[in-house]
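To keep things clear, I will list the structure first and then write my remarks on it.
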Amino acid sequence: MDTSKLYLPDFPQQHKVKDVDVVTLYHERRFEELDAVVVCKDKDGHVTATFEQNNWDCLPFSRRKCYNNLNFEEFNSFPTLQRELKLLSFGWLFNKSPKQKKAIKFSSVRTRLDNMKVGYRFLQENNHNSLECLSSSMVWVEFERFLQKGSYAQGTIESIFVAINTAINDESWHKLNLGITPIKSNIEATRISFHEAQQTLVIPERLCDSIYGKAMKLVNHAHTHRQLILDTENTLQKNYIEGVRNLEKKIKQGKHYSFMNEDGSIDTDKFFSTAQECQPLKVKNIIVPLAMKVPHTKLETGHDFRRYLTQLINACYIICGGFSGMRDSEIDKLTPKSYYKDSFEGRDFHMLQSHTFKLGNQRETWVTAPSSKIAIELMSTLTEEWRKEVVYPDKKYKDSIWVYRANRSKPPTLITGWNKRLQRFCKQFNFIVTEEDFVECFESNPRSLNRVKKDVTVGSPWHITTHQFTTPPKR
């Protein structure tokens with residue numbers, strides 16, 4: 001049982017999961033014992049996942065800001081398929097491969113499961129009860145049609161086949177008797193796929209200028225008032241906490257509210273809504289000093305302030321990513337100390353330092369634009385208090401500036417879902433695709449025509465993604 005890629009060196013030995021013969025339990029149909037098998041524990045010995053659960057919480061293995069689970073819930077209606085898929089996943093997670101291959105990281109296990117799920121969706125839709133059914137030539141032909149109908153890219157189909165091959169190679173361990181002939185993944189994916197691999201889209205020049213220009217304008221203006229913005233956020237949070245305290249006092253005094261149910265339980269949504277009514281200061285009055293500094297931005301309510309704060313965070317992210325070419329996983333690790341200036345042969349260079357995982361976990365530097373300094377300083381101030389409260393999933397995220405309090409009643413967390421956030425930014429500021437943009441997009445992306453057709457629509461906001469930052473704009 002190889003857990004070398006799952007635990008950090010300082011993880012308590014006594015809390016590491018124990019090896020259990022799940023294959024015997026599976027084939028002898030001792031499902032109660034199988035369901036009780038512990039899949040994951042945290043460093044305090046608390047069980048976070050058992051075989052029975054249909055969504056395995058593996059944060060102690062992953063230690064990432066998101067994607068920390070192995071989810072089998074979509075197969076709840078087909079327990080036989082679900083149990084088989086769990087068995088395969090257990091083998092991947094703990095490197096049960098009889099060929100003694102090198103253990104893979106949790107993220108690779110999760111990706112492999114996602115690819116294998118495509119095959120199991122096909123089995124589920126066609127009422128097949130095992131991966132073994134793919135050994136039938138007739139069923140395999142149906143599976144190929146399923147993949148073609150799903151418009152999967154060539155690379156995705158190849159990854160699906162690689163996952164199936166892994167199950168085939170592990171057969172002497174899981175003893176499922178699949179009977180499937182190993183697949184020539186690349187050759188078969190090329191034959192089946194209607195879609196060649198698509199490259200990341202290059203942003204049309206006009207839209208690129210507009211998006212980056214707006215981000216810089218927002219950040220430059222807010223940078224001057226960054227302490228006032230932080231003070232406003234802190235005051236709003238303290239005001240909310242006082243509102244909760246005032247409401248709790250009234251409850252203790254015997255007052256009854258609509259959020260109090262007859263069984264003694266509380267409707268939390270209504271509770272926190274009522275707490276806002278008990279705040280000592282009016283939200284609008286707290287925001288007024290800042291609103292006077294940014295007259296061209298609507299700042300009248302708490303919602304307005306939250307939207308403005310989100311726009312500033314997104315703008316900083318665009319600047320740091322767009323002017324450096326960093327990947328999402330690299331931008332994630334930026335801290336208040338990430339920016340520095342270096343000199344070479346009489347020239348000054350603006351630099352960002354972060355973790356990179358392209359060639360293993362290591363520190364790396366990127367050349368960037370002067371505006372990144374302003375963005376880092378702004379984010380460092382805005383998140384000053386949040387970074388004291390947030391629980392970082394791993395030391396590599398320590399002091400990351402990309403944190404946010406999405407709800408007054410909850411602690412701040414690391415920001416996820418950047419693509420949706422950036423696309424909302426484009427929608428809010430009306431970065432709309434024109435006919436000219438569409439034509440330029442076709443000409444600039446000759447190897448991504450299917451992606452252009454899918455993601456670029458005249459009259460709609462530009463479909464921005466973090467991958468588009470890996471080709472930095474001209475500075």
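Every number here is computed from the coordinates shown, using simple stated rules; none is lab data. Every value quoted in this text rests on a predicted model; they were computed, and no experiment measured them. So basically every Cβ, Gly included, is an ideal-geometry build from the backbone, and we count neighbours across all protein chains shown.
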Dimensions in Å of region 13-192 - Rg and Dmax from alpha carbons: 16.3, 51
P(r) of the chain over all Cα-Cα pairs, binned every 10 Å from zero, in whole percent: 4, 15, 21, 23, 21, 12, 3, 0
Mean Cα-pair separation over length for region 13-192, i.e. relative contact order, pairs under 8 Å, 6 or more apart, %: 16 percent
Using θ = phi - 60° and Karplus 6.51 cos²θ - 1.76 cosθ + 1.60, couplings along region 245-250 (whole Hz; Gly, Pro as x): 4, 4, 5, 4, 5, 5
Of 65/102; 293/398; 65/337, those spanning more than 28 Å from alpha-carbon to alpha-carbon: 293/398
Candidate lysines for bridging to residue 298, where Cα separation is under 23 Å - those fewer than 8 sequence places away on the same chain excluded: 214, 217, 238, 282, 284, 420, 427
Between 0 and 90°, nearest 10: helix 418-428 axis offset from the chain longest Cα axis: 40 degrees
Neighbour net charge for residue 96 - beta-carbon separation under 9 angstrom, K R +1, D E -1: -2
Spin-label model distance (nm) - residue 105 vs residue 221, 7 Å beyond Cα toward Cβ: 4.0 nm
Karplus-derived HN-Hα couplings along region 429-439 (A = 6.51, B = -1.76, C = 1.60, θ = phi - 60°), whole Hz, x at Gly and Pro: 9, 6, 8, 8, 6, 9, 4, 5, 4, 5, 4
Projected area, mean over directions - region 253-374, Cα convex hull, nm²: 13.7 nm²
Paramagnetic reach from residue 151 (point 7 Å along Cα→Cβ, amide N under 14 Å) across region 422-455: 449-455
